[in-house]
Amino acid sequence: MSGFEGWGRVAEILEGRAAEAERLDDEIALIDEGQRASIRVIAERLRNGRRALLVADEVGMGKTRTAVTLIDAVRRCGGRAAIVMPAGLGSQWQAELRLFDPDDRTLLPLRSYESFVKGFGSEGDGDLTAGWQERRDATLRDRRQQRELPESDWRDEKILMVSHAFARMAFPLPSNGELPWRRELMPAIGALYDARRRNMRDGGRGERRATHRAACAAFETLAIESLKIERVRDWRSVSSDDYRRAALPVVGRALGRFDLVVIDEAHKARGEDSSLSRILGPLLWESDDSFRLGMTATPVELDADQWRSTLRRLVNAQGTATNDEVGRMLSGLEKPISDYAATTKRLRTEPLGEALVAEFELVSVRFAHALGPYVIRRDKRSDKELGAFRETHGVDYRDIRTVSVAPANMGRDWLRAFCAAEALSLLPSTDRATKRYRLMLDKAHGLDKLILQDEVEGAAVEPNFWSRNSMLPAGTNIFEHPAILAAVKVIEAPTAEGRKVLVFGTLIKPLQALTRLLDARAMLRHLSDGRHWRASRVSAGAEAAVRAALQSSDRPLRAPDSLDGVNLLLKERYDEAHRRRGAGLRAIHREITTRAQEGEDTASLISQIWLGEDLGELASESGIALLLEALEIRLARRPKAQGAGEPSDWTTERLLQETSALISELSEGAGDSFTEEIRNSSSAGKESRLQLLLNYLADYSGREGSFARLLYGQTTPQTRRLLQASFNREGSWPMVLVAQSTVGREGLNLHEECRTVVLLHAEWNPGVVEQQIGRVDRKNSRFLKDYRAGTWRNNEATPPRIEIHCIQMDGGYDSLHWAVLGERWASLRAQLHGDVVLIQDRRRARTDPELAALINRLDIATPDFHPKPTSRAAFTARREAVNIANEC
């Protein structure tokens, strides 16, 4: 029986929260002015019976805080909420939830069917020998302590986070005739329906027994009619897809019923059979009066009709709305959306005139009226500070620059290969492999196939199209690629001033090359200036980058001139530092060992690392050396006022203090996972802390450096959080974070110390670019701090801006790629940001009063979805405007 007090009570709490925040200073209020407006509109919609809303605020304006305010109100009213999100955002949602309830214990996102089943597991389920059973039970306890699994039942969780990927679950066919435990759920449901409910201890062991408990939990609420169909099937032979289709509603019932469903990044995976669509369709079990809140900064990306596919997700298919009602709602949106998109395109391609402006005014009213009931959106137009910036300085706060790599500046070998690659486009027909060569060269990907391996005459890679003279000469490497060198030049300008840079790209090899080259050049600068670099020699993976840096025309004057010279200087300085601290460390080791024997937790952890216990893959390196390297890098980048002495001046107390601080930071970065065991100093807690520390030190084992760091698919979630924390810390390394687009574009807040973004590769989807820039364009960003500080005024300099550098290979396919992106970007900004007027038209309007008047009308007519409670007078006026537009 649900104890939910209803949406009227939720609306009261929301309005009270907004009123309370309004009385506080903005610096201490949890919700700002714009968020309060959104919350009041949500409360109004709830009172009026609306049960779906899309919060489409621009990136960085605080959508999550708005959603958490609603979630907290539902929780306080006894309701349950599901948050469907990309799994990597779990820790950030946990942090936001704790702002409203410091004792919040929301689980990490549910990611897999295995975790779902283990959530019903109990200690002793394995019926194993004592040692194996103890280890299995310890693992189960640890996962519960880490907040991966519920303490008792999924249905007891008031807030449940579910990964977008959860419904990808697979059910492989039996391989040896025996029914796998993954296929135990549906037969168990059939047995329950046939009143053959078996004692759980007779239903197998381990996952099988847990699956039977899940079946019992679901059976209590499943509709008998559906069971009559499903129970007769042979679950051994059905395909994995068919089994999943039948199992999804059962899994949803076992998770319990939800009153609120929040969909983060609601635009993703739009396919009808995507994992996210399955979760929002047959899986989630919602109350008849549930509310769905969608969240996305880019509800439309490539096609205006994506508005409809995004809004479709707000409809609870199990609720009161029928399919016919949903269809009518979505079809009613089609014409206003398409008309608006077509007219904004004409504004970018045709001269501005009275007829075109009047048409835009009409379609804009219809567009706003059609989407208004379902969408609220705050964007930077409503930000008073940014508006004042534009008004005062006559420019936008975003400074988008094209960094052109002209063919004339490429050098003979690169120019010859570039021209040959582009010539492929003129051939009447080419195979797929040949076409890829054009892309390889522009994007600095797969260059090994375009470089001659020796100087003797040999067969060309593609005899019909790719001659030997078009190949890059032997010895050419990726570090010489013109686009990478251009990116290095752009990146090192702000870092020389102490400013951080965020780089995005799509292909791993060019990103790795850029990271290594930046690190190699930073190392040479350190050696030239007499500063210490934390390495005894150049690692094998970095040698090619160091050689390229040594051959550069701007190599530091006092840097060694060869790889051997670099290794020699590194070894000399490393040995000197090692000698200075060697004697002291021996004394520290004795004290650490003694204090570990006395039961001191941190000393015990250090002792295990010092002795090399449980180091696994780190066993080939000194554990204490890795720990000291990690601690010294933290200390070296800390402002002097926060840490006395040099990093190498170690004492026992200092080592214990810094290690304890590191473990605390790691635990905090892991979310709420380790709080309880650390508080209790349990054996499981010690193991968890040791594993956290070992995972962190593994990142220092064989790493390529730390001036620039690479964030890509193989970067562990913990390392991602730590990189985010260090990148956001003033003065700490990395100074450059090189991120693969699919990994770093969503969910990471990287704005606290960075206002420069470099786009190494063009995207096809402008929504992705908006997400990338949004990593640094957020509330209380470095740009806003620099602008408010006003120090730039003392030097009569131009105001600071968010800088976006687009690296473009001129004259070829890459130029076309950027041009297509630019057109799509303009279309997206017309629909989401109200940017319907070309920049050149605004410049002409400064001297053309008639054109200025037309542009002013366009600006006034631009659709505005800013959250505003609707008074009866305003509603009537809007209805009259729509009627007039329809008559016209």
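A few comments on the model shown:
- Any chance ARG534 is in contact with a helix residue (DSSP H, G or I) (Cβ under 6 Å, 6 or more places away or on another chain), surrounded by fewer than 18 Cβ atoms within 10 Å (Cβ to Cβ) and either at pLDDT below 85 or among the polar types (S, T, N, Q) (or both): no
Rundown of residues vs (1) of a type outside the set (Asp, Glu); (2) touching a strand residue (DSSP E or B) at 6+ places or on another chain (Cβ under 9 Å); (3) in a helix (DSSP H, G or I), yes/no style:
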site: HIS805; (1), (2), (3): yes, yes, no
site: LEU816; (1), (2), (3): yes, no, yes
site: ALA819; (1), (2), (3): yes, no, yes
site: GLU823; (1), (2), (3): no, no, yes
site: ALA830; (1), (2), (3): yes, no, yes
site: VAL837; (1), (2), (3): yes, no, no
site: ALA853; (1), (2), (3): yes, no, yes
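- ASP242 meets all of the listed conditions (1) touching a Pro at 6+ places or on another chain (Cβ under 7 Å); (2) open to solvent by 20 Å² or more (accessible area, probe 1.4 Å); (3) modelled with pLDDT of 80 or more but one, namely (1).
- Flag for SER528 being under 38 Å from the mean Cα position of the chain (by Cα), of a type in the set (Ser, Thr, Tyr), loosely packed, with under 12 Cβ neighbours inside 10 Å and under 26 Å from MET735 (Cα atoms): no
- When residues of segment 112-121 are limited to those that are part of a loop (DSSP other than H, G, I, E, B) and of a type outside the set (A, V, I, L, M, F, W, C), the one surrounded by the most Cβ atoms within 10 Å (Cβ to Cβ): GLY119
- Subset of segment 836-860 that is open to solvent by less than 70 Å² (accessible area, probe 1.4 Å) and without any contact (Cβ under 8 Å) to a residue 24 or more places away in the chain - its residue that is farthest from the chain's Cα centre (by Cα): ASP848
- Among the residues of segment 805-862, those identified as within 18 Å of PRO766 (Cβ to Cβ) and of a type in the set (Phe, Trp, Tyr) are TRP818, TRP825.
- Picking from residues in segment 790-831 that are of a type in the set (A, V, I, L, M) and touching a helix residue (DSSP H, G or I) at 6+ places or on another chain (Cβ under 8 Å), the one that is farthest from VAL776 (Cα to Cα) is MET809.
- Count of segment 349-387 residues, restricted to those that are open to solvent by less than 40 Å² (accessible area, probe 1.4 Å), in contact (Cβ under 8 Å) with a residue 60 or more places away in the chain and over 30 Å from ARG292 (Cβ atoms), is 4.
- When every residue of segment 84-94 is checked against the conditions, none turns out to be modelled with pLDDT of 85 or more and in contact with a Lys or Arg (Cβ under 7 Å, 6 or more places away or on another chain).
- Helices (runs of 4 or more DSSP H) within segment 1-111 that include 3 or more residues touching a strand residue (DSSP E or B) at 6+ places or on another chain (Cβ under 7 Å) and buried (at least 24 other Cβ atoms within 10 Å of the Cβ): 63-76
- Single condition LEU140 does not satisfy, out of (1) within 30 Å of ILE263 (Cα to Cα); (2) at pLDDT 80 or above: (2)
- Reported count of residues in segment 494-517, each being crowded, with 22+ Cβ neighbours inside 10 Å, over 16 Å from VAL566 (Cα atoms) and of a type outside the set (Gly, Ala, Ser), is 9.
- Test: VAL315 is at pLDDT below 85 and among the β-branched types (Val, Ile, Thr): yes
- Test set (1) crowded, with 21+ Cβ neighbours inside 10 Å; (2) in contact with a Pro (Cβ under 8 Å, 6 or more places away or on another chain) - ARG824 fails condition number: (1)
- Some residue of segment 619-636 being open to solvent by 30 Å² or more (accessible area, probe 1.4 Å) and either at pLDDT 80 or above or touching an Asp or Glu at 6+ places or on another chain (Cβ under 9 Å) (or both): yes
- For segment 557-605, taking the residues that are assigned to a helix (DSSP H, G or I) and either of a type in the set (Asp, Glu) or touching a strand residue (DSSP E or B) at 6+ places or on another chain (Cβ under 7 Å) (or both), the one that is nearest to SER660 (Cα to Cα) is identified as ASP601.
- Verdict on ARG555 being modelled with pLDDT of 85 or more, out of contact with any helix residue (DSSP H, G or I) (no Cβ under 6 Å at 6 or more places or on another chain) and open to solvent by 60 Å² or more (accessible area, probe 1.4 Å): yes
- Test: residue in segment 789-801 that is modelled with pLDDT of 85 or more, under 28 Å from the mean Cα position of the chain (by Cα) and surrounded by 13 or more Cβ atoms within 10 Å (Cβ to Cβ): yes
- Residues within segment 148-167 that are open to solvent by 10 Å² or more (accessible area, probe 1.4 Å) and in a loop (DSSP other than H, G, I, E, B), tallied: 8
- Leading residue by the ranking (modelled with the highest pLDDT) among those in segment 193-215 that are open to solvent by 20 Å² or more (accessible area, probe 1.4 Å) and in a helix (DSSP H, G or I): ARG213
- Pair list, Cβ under 8 Å, 6 or more apart: segment 777-789 residue assigned to a helix (DSSP H, G or I), other residue of a type in the set (Val, Ile, Thr): ARG782/VAL776; PHE783/VAL776; PHE783/ILE802
- Inside segment 250-279, residues that are closer than 14 Å to PHE166 by Cβ, open to solvent by 10 Å² or more (accessible area, probe 1.4 Å) and in a helix (DSSP H, G or I) make up a count of 3.
The values are calculated or read from the model by the stated rules, or taken from the named source; none is laboratory data. Please read these numbers as outputs of a predicted model, since none were measured by experiment. We place every Cβ from the backbone using ideal geometry, glycine too, and count neighbours over all the protein chains shown. Please note that ligands, DNA and RNA were not included when accessible areas were found on the heavy atoms of the full protein model with its side chains. Shrake-Rupley method; radii C 1.70, N 1.55, O 1.52, S 1.80 Å.
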